[in-house]
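Quick notes on the structure that follows.
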Amino acid sequence: MESRERVLAAAERRKTDRLPTSLRCTPEALTALKEHFQVSTKQEVYDALDIDLRWIYLPFKGPKERSAAPLGSEGTDFWGCYNTPVTNEFNTYYEITGHPLTDAESVADVDAHDWPSLDWWDYDAIPGIIDAELRAGQRAIMFFAGGAFETPWYIRGFERFLMDIYENPDIVTAICGKVESYYRERALRVLEAADGRIDIIGSGGDIGGETSMLLSPDKWRELIKPHSARLIQTFKDMGLKTFYHSDGAIQPVIDDFIEIGLDILDPIQVGAAGMTPEVLFPKFGDRISFHGAIDEVHLLPHATAREVYEETQRVMGILGGNGGYIVSPTHMVQGDTPVENIIAIFQAVREFA
Amino acid sequence: MTRNETIYEGICKGNRQQVIDEVQKVLDAGADTVELLNGSMIPAMRDIGEKFSRNEVYVPEMLIAARAMQSGLDLIAPSLDQAGHKARAKVCIGTVKGDLHDIGKNLVAMMLKGAGFEVDDLGVDCTVEKFDAAVSQGASVVCLSALLTTTMPYMKEVVSHFKDRGDVRVVIGGAPVTQEYAKEIGAHGYGADANQAVHVVETCLQE
């Protein structure tokens, strides 16, 4: 069976020969995998692991002074946010330290921001990028459009944005609206360039913390959900599968995501309140599919390969009950996770009876 | 101690203007600011923190409450000084070396201020030397925060640095941090959320 069929079946909660797989890595973890497999490209690593779902990224071709990758390189990104690097023993990480709309006082100030152009992206590169992922077989392709919660607070500043929910809801709506329409229109252009070879449109933004949502379910429904819904429903209506990423404890709004047309929920942060497979599958498993759930916080960096193998199969036994599960770490694999633990996940998938 | 309901409610609801107006009014009338702080303002932040732990309020409500509290504190600060009022203790706080994620750290700092502590916010990416300098400046509790599993190990270095200092307490927290980890590295306390962090600081100062 081809990877693409496996992933699409999982999105529709149908069983196939095995559950499909997905992986995201920090550059440091990817380098370790390349060394392990003695290969030079990311695609060769993913082919060696037989990863079914492939995320594709859109190259930037806009102005140099706005060319930093959000959370990926130093400098000002296309939104106008400043990204600062910090290096620890295992990884270099980027955080947004400059928020261009931090001083905005009105919707007019939001409108006056130097918003990015949709022409700053190299859509012509998309066919070649997809070809590279398909060199060893028919994989499922996902483009991650963006999201209407996290980017807005990057632009405004976290505390400022969350206080705006009470003090300047018009500013929240204005920024979220600008960001959502940009991400939606950009994804539509990517789809056009891909000519039917993209299967899933992703969107996301962390709305959960370890113990609860970052904002109340009611405020999320009032101010954020309408934007998230447009970024999901638009693509659902086109016959594509939809994927949403949010870390943390988000169980109170899973029904809302189902209502707005979500097929696949990521990453199922199993250590957050109310997010264990045992709790989620009986409640939502007949209406939504899951992506993630192999814990990158405690399990993958610290457990033995044998423990990873067993935990992966245990989670598969719960979330994969009706086929609606794409097996993946809950986060980008960090530089502190041993290569053998990453390999153990996918070995567990292949050997699951 | 009587509670000023207007100030208490203003902080709980994050209504900064209500707090400013009422605090100014009672200041003009010659109110006892120590009683105002301990009887109305700190209880308001304590109650909002408890509601946060019970998922009855969320980060936005905590932020606006903390800002309303701060506006009131700014107004009564000169009068508190005059009355010889001292903070409960001085606490320094920062994210550890290699970690720039400061959302949780900022919340804890706000709640500590709201509980009557003097807070030395050291910011992000803090080295042992930075925490040490803050202790030299009078901090008796060191609060460490980390979001990444890859920066968490640095907490151990900070804890080890202060292990022979009987007068310094180290409290840790952050998404990947657990009670077990705190115990393993010998920290004096672990806070699972911003509200619990305040309780832990209070408790470890009594030990």
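What the table below lists for this structure:
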{"quantity": "Residue match in segment A:235-253 (condition: part of a helix (DSSP H, G or I), more than 14 Å from chain B (Cβ to nearest Cβ) and under 27 Å from A:Arg14 (Cβ atoms))", "calculated": "yes"}
{"quantity": "Total residues in segment B:28-77, condition over 17 Å from A:Thr211 (Cα atoms), aliphatic (A, V, I, L, M) and out of contact with any Leu (no Cβ under 9 Å at 6 or more places or on another chain)", "calculated": "9"}
{"quantity": "Only one of B:Glu5, B:Glu56, B:Glu22 that is surrounded by fewer than 24 Cβ atoms within 10 Å (Cβ to Cβ), at pLDDT 95 or above and either β-branched (Val, Ile, Thr) or touching a Gly at 6+ places or on another chain (Cβ under 7 Å) (or both)", "calculated": "B:Glu22"}
{"quantity": "So A:Ala69, is it without any contact (Cβ under 8 Å) to a residue 12 or more places away in the chain and of a type in the set (A, V, I, L, M, F, W, C)", "calculated": "no"}
{"quantity": "So A:Ile318, is it more than 14 Å from every other protein chain (Cβ to nearest Cβ), under 30 Å from A:Ile232 (Cα atoms) and buried (at least 20 other Cβ atoms within 10 Å of the Cβ)", "calculated": "no"}
{"quantity": "Which listed residue, of B:Cys92, B:Cys143, is within 23 Å of A:Ser212 (Cα to Cα), under 11 Å from the mean Cα position of the chain (by Cα) and at pLDDT 95 or above", "calculated": "B:Cys143"}
{"quantity": "Search result, residues across segment A:211-231 that are within 14 Å of another protein chain (Cβ to nearest Cβ) and surrounded by fewer than 21 Cβ atoms within 10 Å (Cβ to Cβ)", "calculated": "A:Thr211, A:Ser216, A:Pro217, A:Asp218, A:Lys219, A:Arg221, A:Glu222, A:Leu223"}
{"quantity": "Where A:Asp266 falls short, out of the listed (1) touching a residue at least 60 places away in the same chain (Cβ under 8 Å); (2) under 20 Å from the mean Cα position of the chain (by Cα); (3) over 30 Å from B:Asn195 (Cβ atoms)", "calculated": "(3)"}
{"quantity": "B:Gly114 vs. criteria touching a residue at least 24 places away in the same chain (Cβ under 8 Å), touching a Leu at 6+ places or on another chain (Cβ under 9 Å) and buried (at least 24 other Cβ atoms within 10 Å of the Cβ)", "calculated": "yes"}
{"quantity": "Verdict on B:Gly138 being of a type outside the set (Ser, Thr, Tyr) and under 30 Å from A:Thr337 (Cα atoms)", "calculated": "no"}
{"quantity": "Residue in segment A:263-281 that is within 23 Å of A:Asp237 (Cα to Cα), at pLDDT 95 or above and touching a helix residue (DSSP H, G or I) at 6+ places or on another chain (Cβ under 6 Å) present", "calculated": "yes"}
{"quantity": "Strands (runs of 3 or more DSSP E) contained entirely in segment B:89-207, each with at least 2 residues that are among the β-branched types (Val, Ile, Thr) and facing another protein chain (nearest Cβ under 10 Å)", "calculated": "B:90-96"}
{"quantity": "Whichever residue in segment B:167-207 is touching a Lys or Arg at 6+ places or on another chain (Cβ under 6 Å) and of a type in the set (A, V, I, L, M, F, W, C) and, among such residues, is modelled with the highest pLDDT", "calculated": "B:Ile185"}
{"quantity": "Test result for A:Tyr82, at pLDDT 95 or above and of a type in the set (Phe, Trp, Tyr)", "calculated": "yes"}
{"quantity": "Criterion (under 29 Å from A:Phe161 (Cβ atoms), away from chain A (no Cβ under 14 Å) and among the acidic types (Asp, Glu)) met by exactly one of B:Glu22, B:Glu35, B:Glu56, B:Glu61", "calculated": "B:Glu22"}
{"quantity": "Among the residues listed as A:Glu95, A:Glu74, A:Glu89, the single one being within 22 Å of the chain's Cα centre (by Cα) and within 11 Å of another protein chain (Cβ to nearest Cβ)", "calculated": "A:Glu95"}
{"quantity": "Matching residues in segment A:254-284 - criterion: being assigned to a loop (DSSP other than H, G, I, E, B) and closer than 26 Å to A:Arg230 by Cβ", "calculated": "A:Ile260, A:Gly261, A:Leu262, A:Asp263, A:Pro267, A:Ile268, A:Gln269, A:Met275"}
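Per-residue answers, yes or no, for (1) surrounded by 14 or more Cβ atoms within 10 Å (Cβ to Cβ); (2) more than 27 Å from A:Gln233 (Cα to Cα); (3) within 14 Å of chain B (Cβ to nearest Cβ); (4) among the hydrophobic types (A, V, I, L, M, F, W, C):
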site	(1), (2), (3), (4)
A:Asp52	yes, no, no, no
A:Tyr57	no, no, no, no
A:Gly62	yes, yes, no, no
A:Leu101	yes, yes, no, yes
A:Val110	yes, no, no, yes
A:His113	yes, yes, no, no
A:Gly147	yes, no, no, no
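The values are calculated or read from the model by the stated rules, or taken from the named source; none is laboratory data. Computed from a predicted model, the values in this text were never measured in an experiment. Every residue, glycine as well, gets a Cβ built from its backbone with ideal geometry; the counts of neighbours run over all protein chains shown.
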